[in-house]
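Below is one structure, written out as structure tokens, with a few remarks after it.
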Amino acid sequence: KGLTKEWETILAEKTELETAIKKLRSAIITLNSEGRVRLLEAFKEVNNNFGELFENLFGGGSAKLTFIESEDPLEAGLEIICQPPGKKLSSISLLYGGEKTLTAISLIFSIFLIKPSPICNLDEVDAALDDENVGKFCEILNEIKNQTKTKFLIVTHHKITMSMVDKIYGVTMNQKGIS
């Protein structure tokens, strides 16, 4: 009788585990399905914003995101394909420093437009930009600020960027190497 009762307990536990596994697999399938739908919706929005912001910052050209390495968007990587005005279509890795910066700014802000946060810290994002492109960055930053009501904390050495902010806090060096 002792072995029979133990055998029945083990069978009951096995049945419970099998049922739990089926429920878990079903939940995973449901989550993955919903995740794919949400990811593709967000991807479409980000991609549209990215193209528009890229064109605004570069004064033309085109940019888009593409999934790579998998047909399943939940497992795929992303590649940035862009074409500044007057250049051949290429990957971001083939762009110059300032072009990479403007492209990255376009991508960051394209995501930010969908899901803005109350505060955003930008640490010397304008460092690789010339004065003309710093001006474009400042214009886009103002548009994003007005659309999202986000407060931006910007660390910069560019006087152009400093001139467009609402408040400025300076850091001075009292001793060499100490700020």
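Annotations
- Checked against (1) open to solvent by 70 Å² or more (accessible area, probe 1.4 Å); (2) modelled with pLDDT of 90 or more, residue 83 passes all but a single condition, namely (1).
- Any chance residue 57 is in contact with a Lys or Arg (Cβ under 6 Å, 6 or more places away or on another chain), surrounded by 11 or more Cβ atoms within 10 Å (Cβ to Cβ) and touching a residue at least 24 places away in the same chain (Cβ under 8 Å): yes
- Any hit, the range 137-157, residues being open to solvent by less than 50 Å² (accessible area, probe 1.4 Å) and over 24 Å from residue 52 (Cα atoms): yes
- Within the range 1-38, considering residues that are basic (Lys, Arg), in a helix (DSSP H, G or I) and open to solvent by 100 Å² or more (accessible area, probe 1.4 Å), the one nearest to residue 116 (Cα to Cα): 38
- Where residue 78 falls short, out of the listed (1) farther than 18 Å from residue 91 by Cα; (2) open to solvent by 90 Å² or more (accessible area, probe 1.4 Å): (1)
- When each of 41, 45 is tested for being open to solvent by 30 Å² or more (accessible area, probe 1.4 Å), in contact (Cβ under 8 Å) with a residue 12 or more places away in the chain, farther than 25 Å from residue 158 by Cβ and not hydrophobic (A, V, I, L, M, F, W, C), the lone residue that passes is 45.
Per-residue answers, yes or no, for (1) modelled with pLDDT under 95; (2) not aliphatic (A, V, I, L, M):
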residue	(1), (2)
1	yes, yes
4	yes, yes
7	yes, yes
16	no, yes
29	yes, no
41	no, yes
58	yes, yes
61	yes, yes
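- The number of residues in the range 60-75 that are over 15 Å from the mean Cα position of the chain (by Cα), on the phi < 0 side of the Ramachandran plot and open to solvent by 60 Å² or more (accessible area, probe 1.4 Å) comes to 3.
- From the options 35, 51, residue that is more than 21 Å from residue 134 (Cβ to Cβ) and at pLDDT 95 or above: 51
- Scanning the range 99-120 for residues that are aliphatic (A, V, I, L, M) and open to solvent by less than 30 Å² (accessible area, probe 1.4 Å), we see that the one that is farthest from residue 147 (Cα to Cα) is 102.
- For the range 164-178, the criterion of a residue being touching a residue at least 24 places away in the same chain (Cβ under 8 Å) and exposed (fewer than 12 other Cβ atoms within 10 Å of the Cβ) is satisfied by no position.
The values are calculated or read from the model by the stated rules, or taken from the named source; none is laboratory data. Only a predicted model underlies this, so the values are computations on that prediction, with no experimental measurement involved. We place every Cβ from the backbone using ideal geometry, glycine too, and count neighbours over all the protein chains shown. These area figures cover heavy atoms from the full protein model, side chains too; ligands, DNA and RNA do not enter into them. Shrake-Rupley method; radii C 1.70, N 1.55, O 1.52, S 1.80 Å.
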